[in-house]
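Here the structure comes first, spelled out in structure tokens, and everything after it is commentary.
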Amino acid sequence: MSEILVGTCSWTDRALLASGWYPRGSKDAEGRLRHYAERFPVVEVDSSYYALPSERNCRLWADRTPDGFRFDVKAFSLLTGHPTRQAALPADLRGEPVGPELLDTVWRRFSAALEPLRAADRLGTLLFQFPPWLSPGPRAEKVLAECARRAAGWPVAVEFRHPDWWREGGRDRTTALLADLDMAAVAVDTVQGLPHSMPPVAPVSVARHAVVRFHGRSAAWGRGSKEDRFRHSYSTAELAEWLPRVRSMAERADEVHVLFNNCCADAAVRAAESMTRLIGSDHLGDVPVNTLVRNRA
């Protein structure tokens, strides 16, 4: 039986902390995570994109969450070709030229820090979110192959930001490429009608797992400040559009993670709560929804 796990792309976002969603007695690091894990079965660690995670924190996260909880961990920016500040690197690696040797070293430290999550069966997937300038072609395929080599044996999911990967005509090739590399595809929801809008498709490239990330539908997607890009409150109708797609993904993958990244105030947790209710009551269509929605609310 497939599982659909619904959550958000952070539990420590500054706007969420200021929103009042966490009760008065759950505002320290341990209290926040325990409170979140009582309500959702999965969360994305986005701080690991900005700095390498620590083994200590990963051990604490595992200790503070129940069996079955999943952490999806976003790959460090250098590993996905994004600009990376020297200050974000470990002190002994600052000033090193960016190349295969540095990337291998960073990967070893990144993956070693995550071992407590993997050992405790808390690791969901490693999310490699590639930049908008990585368009389909031989160079991009080489980048993906190198990523797959480093991450061999780890559960990896790939999010593209260039729409050509999922446009008609290239969609099947992208799915086949990820399948060959044993990488899960990430579906995304963004505003439509912009040159850089990602198509709202629901690809599944490996049977192990699939991921959907909801970024909001701001017209400032792809530009402007973080607040401008992600400021959006999903309506029930907007979420319902994705029910057939999520159902289709659950029929092809053992585990589907549905994550909300519209991180302004408590918009993401409210959307996750609404989506959990919608999936739980979804009896639409001719095909039975053979999924288990896990929600501890």
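Counting only heavy atoms of protein chains, what accessible area per residue, in Å², does region 14-77 have with a probe of 1.4 Å? Before the final figure, lay out each step's value.
On the way: 2920 Å² over 64 residues.
In whole numbers, region 14-77 has 46 Å² accessible per residue.
So how far, in whole Å, is the C-alpha centre of region 82-125 from the one of region 1-51?
23
Give me the dipole magnitude in Debye, nearest 20, for the chain about the Cα centre, with unit charges on the beta carbon: positive for Lys and Arg, negative for Asp and Glu. Walk me through the intermediate numbers first.
On the way: 39 positive and 37 negative charges, 129 e Å.
The dipole magnitude comes to about 620 debye.
Just want the answer: with Cβ charges of +1 for Lys and Arg and -1 for Asp and Glu, which residue in 18, 43, 8 is farthest toward the dipole's positive end in region 1-122?
Of the options given, the answer is 18.
Considering only protein heavy atoms and a probe of 1.4 Å, how much of the accessible area of the chain is carbon and sulfur, as a whole percent?
On the way: 6640 of 13200 Å².
Here it works out to 50 percent.
Accessible area per residue of region 101-149 at 1.4 Å probe, in Å²?
Details: 2180 Å² over 49 residues.
Here the residues of region 101-149 average 45 Å² of exposed surface.
Out of the chymotrypsin sites (Phe, Trp or Tyr not before Pro) in region 90-185, which ones are loop residues according to DSSP with at most 10 other C-beta atoms within 10 Å?
For chymotrypsin sites (Phe, Trp or Tyr not before Pro) across region 90-185 that sit outside H, G, I, E and B with at most 10 neighbouring Cβ atoms in 10 Å, the list reads 133.
Just the C-alpha atoms of region 107-209: what Rg/Rh do they give, with Rh taken as the Kirkwood radius?
We get a ratio of 0.98 for region 107-209.
List the GluC sites (Glu not before Pro) within region 140-207 that fall in a DSSP loop (any state other than H, G, I, E or B) and whose Cβ has at most 13 other Cβ atoms within 10 Å.
168
Using a Gaussian network model of the chain with C-alpha springs under 10 Å, which one of 53, 244, 203 is most mobile by mean-square fluctuation?
Its mean-square fluctuation being the largest, the pick is 244.
Stokes-Einstein D for region 1-123 at 37 °C, 0.692 mPa s, Kirkwood Rh over Cα pairs, in µm²/s?
It diffuses with D of about 209 µm²/s by this estimate.
Compute a Gaussian network model of the chain, connecting alpha carbons closer than 10 Å, and tell me which residue from 189, 121, 72 fluctuates the most.
121
The values are calculated or read from the model by the stated rules, or taken from the named source; none is laboratory data. Just so we're clear, the structure is a prediction, and the values are computed from it rather than from any experiment. Cβ atoms come from the backbone with ideal geometry, glycine included; neighbour counts cover every protein chain shown. All accessible areas refer to the heavy atoms of the entire protein, side chains included, with ligands and DNA or RNA removed. Shrake-Rupley method; radii C 1.70, N 1.55, O 1.52, S 1.80 Å.
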